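Participant: The following block contains the structure, expressed as structure tokens.
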Amino acid sequence: MDQLSAAAPDAPTRRAGATAASAITADFQTFLRLLTTQMQNQDPLNPMESTEFASQLAQFSGVEQQVRTNELLTGMQADFATLGMGQIGGWIGMEAQAQMPVTFQGDPVTLSAAAHARADRLELVVRDTRGAIVQRVPVPLGSDRFDWDGTGPSGTPVRPGTYDLTLQSWSGETMLDESPATIHAIVEEARLVDGAVWLRLQGGQSVAAQSILGLRRAP
């Protein structure tokens, strides 16, 4: 695992917090100078009510508190992401299940098939990035897992690229259901990207850790 990936977000977070705190201090000093000038130059015959000054102070204090709260939440988010990184490190080498587009590079992709209860046939539908169907592959009913090697019924393989895989359940000429295919792949690496943990799976595709549906020991 890339240790730098987990440590990298801490420094920018600290710098952002220090910058925000410095900006608040400078703004507060400016605010006090403006308020003092306002008090010194007010009309003696029509002075401002003390409640108006108190209201302005309260408004600025509220803004300051909100900025500090945002700083705290940002720091907590980075801490939680780092904590999750350490826990998810144990996922490396395990087989993960996810519903996501497939980056096909010529190697077979292991999928799960779940047919509708009333289906008499099942088809794997392969769509390209434009949503066009490029393959329809018959899937045997009752097969819990199967491999898609990119080859369709005609024997012609698809080109390397990203594809969306769904499973259609049919009864005669009536489609009963269409759902995303569940992909099975080995977790090879975990990385922290913009505060979120991402996993790189065998085959090169990446998926957010929160999108993983299940894990098991690699067969």
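Participant: How charged is the neighbourhood of Ala115? Take every other residue with its Cβ under 12 Å from the Cβ of Ala115, and add Lys/Arg as +1 and Asp/Glu as -1.
Facilitator: -3
Participant: For the range 99-183, what relative contact order do you get, as a whole percent, if you take Cα pairs closer than 8 Å and at least 6 residues apart?
Facilitator: 43
Participant: Near Gln97, within a Cβ-to-Cβ distance under 14 Å, what is the net charge of the other residues, with Lys and Arg +1 and Asp and Glu -1?
Facilitator: +1
Participant: Same structure, new question: Could you go through the range 117-131 in sequence order and give the Karplus-derived ³J(HN,Hα) for each residue, using 6.51 cos²θ - 1.76 cosθ + 1.60 with θ = phi - 60°, rounded to whole Hz, and x for Gly and Pro?
Facilitator: 4, 9, 6, 10, 7, 9, 10, 8, 10, 10, 10, 7, 5, 8, x
Participant: Give me the number: length gained by fully extending Arg121 to Gln42, i.e. 0.36 nm times residue separation minus the C-alpha to C-alpha distance, one decimal in nm.
Facilitator: 19.9 nm
Participant: Same structure again: Once both labels are modelled 7 Å past Cα along the beta-carbon direction, what's the Gln210-Arg130 spacing in nm?
Facilitator: Between Gln210 and Arg130, the simple spin-label model gives 3.4 nm.
No value in this document is a laboratory result; all are computed from the given coordinates. As the structure is a prediction and not an experimental result, all values here were calculated from the model. Using ideal geometry, Cβ is built from the backbone for each residue, glycine included, and neighbour counts are taken over all protein chains shown.
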